[in-house]
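Derivation of every value follows stated rules applied to the coordinates shown; laboratory data play no part. In this text, all values refer to a predicted model and were calculated from it rather than measured experimentally. We place every Cβ from the backbone using ideal geometry, glycine too, and count neighbours over all the protein chains shown.
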Amino acid sequence: MDKFVFFSKPFPHWKFDNFLPEKKAVQLLTALSKEIFDLKDSDLFTFFQTNDLKTTENNVIQEFVTFFSTVFAKKLESVTGTGIKLGSVDISGTKYCNTHHLLPHDDQLEGRKLAFIYYLSTLNNTEGGALALYNSKNNNPTEVSERIQPQFNRLVIFKVTSKSFHEVEEVLTGKLRIALSGWFHGK
Amino acid sequence: MVNKAYWSKLELVKASFDKSKTEVSSGSTFFQVTLHDFFSVQDYAKIKQELHQLKFKPEKNPLTHSYSVGKSPALTKLFNTKSILEFISGVVRKSVKSVTAAAYSFSGRDYTILNDSKNRDNTYDLILDCTEGWDTSWGGSVIYVDGKGNYFPIPLKPNTLTIVKRSGIKGFVKYLNNFAGTKNRVIVSLVIGPKQKLL
């Protein structure tokens, strides 16, 4: 795993490249591809999503969820200074095809402390799919401050606050944006 | 002028509006009537001409909407004829003395989000579609939802007026994706009385 890289603006977030040994990441991607993805479509978004992966019967995914919600969560607590309920994470697979998107929102819902996106595919900046982080004023988003492109085996974490406005920009290519995403909850 | 065919069938249109409850498992109701070729060819051409001359101003609040809006007294005047007001009054069964028109132009990456801040029950949305050759796969559909998981998209067809009664429903315009390219989609919103607000 590369170092945790911290960014304070527009709101606290961390980037971890090469999060898993590459072989493990590829195994996880293969396992995820066997899960069922349902289309989610509303005013705010269009994408495919799995059920919560805590209930999966796939051993590779189970192993990852256990590691992520215990061993890694403990490390994350010390790095982020955020109290996390260990062993409890909301996690699902997401698949964005061409035109899919998730419009600006703040992720705030009771108990959510840290949001995460673990990318299992790579899209360059002409292919869309970036995580766009917004500046805010008076708890309203103003303009995009930073764009993080999906990169295979990259984990992005951010604190869920009244200022954590973000969106997944539209995918503009036939390539898939595949990720695991969800939230850690407070103690 | 309203298409003569509708004048001769006003009672049918009224009945259609009253009975247009889309009964679904949840028991939701959706009162709407869709009137294709609503204006005469000449009057629709006048509306299109006025839209051409309008200056559209971009508006964006990332949490609620992104679009360009154009308003002018001349546009509103086109819809405040005796014929149109009487027809609308007949359909909604109340006296409509005036409407205010605003044109909304949506291009790539534009949208509106369901707005929970205002209760607009028992008001009416009147939406005139003014876009030729639009494909639903590009986004841009006007869609109503009832909060119970039921979606009611309104048809995409130029010179079509859709009248919707707000009754436990809210609406949004679906995000316009890259398939739309450089094309834009224009709708005219008619509001009964002087207040302005899209969906």
Any strands (runs of 3 or more DSSP E) falling wholly within the stretch A:117-187 and containing at least 1 residues that are within 16 Å of A:PHE16 (Cα to Cα) and more than 12 Å from every other protein chain (Cβ to nearest Cβ): A:131-137, A:140-148, A:155-159, A:177-185
Qualifying position, being part of a loop (DSSP other than H, G, I, E, B) and more than 14 Å from every other protein chain (Cβ to nearest Cβ), among B:VAL91, B:VAL69, B:VAL96: B:VAL96
Count of residues meeting criterion [under 30 Å from A:LYS3 (Cα atoms), surrounded by fewer than 20 Cβ atoms within 10 Å (Cβ to Cβ) and polar (S, T, N, Q)] in the stretch A:43-82: 9
Residue within the stretch B:108-119 that is surrounded by 19 or more Cβ atoms within 10 Å (Cβ to Cβ) and over 30 Å from A:THR142 (Cα atoms) present: no
Residues within the stretch A:75-106 that are away from chain B (no Cβ under 14 Å) and out of contact with any Ser or Thr (no Cβ under 7 Å at 6 or more places or on another chain), tallied: 14
Any hit, the stretch A:87-97, residues being of a type in the set (Lys, Arg) and touching a residue at least 60 places away in the same chain (Cβ under 8 Å): yes
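The rows are residues; the columns are (1) of a type in the set (S, T, N, Q); (2) farther than 14 Å from A:LEU172 by Cα.
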| position | (1), (2) |
| --- | --- |
| A:ASP90 | no, yes |
| A:LYS95 | no, no |
| A:THR99 | yes, no |
| A:LEU102 | no, no |
| A:ASP106 | no, yes |
| A:GLY111 | no, yes |
| A:ALA115 | no, yes |
| A:ASN124 | yes, no |
Residue tally, condition assigned to a loop (DSSP other than H, G, I, E, B) and either away from chain B (no Cβ under 14 Å) or buried (at least 19 other Cβ atoms within 10 Å of the Cβ) (or both), over the stretch A:24-42: 5
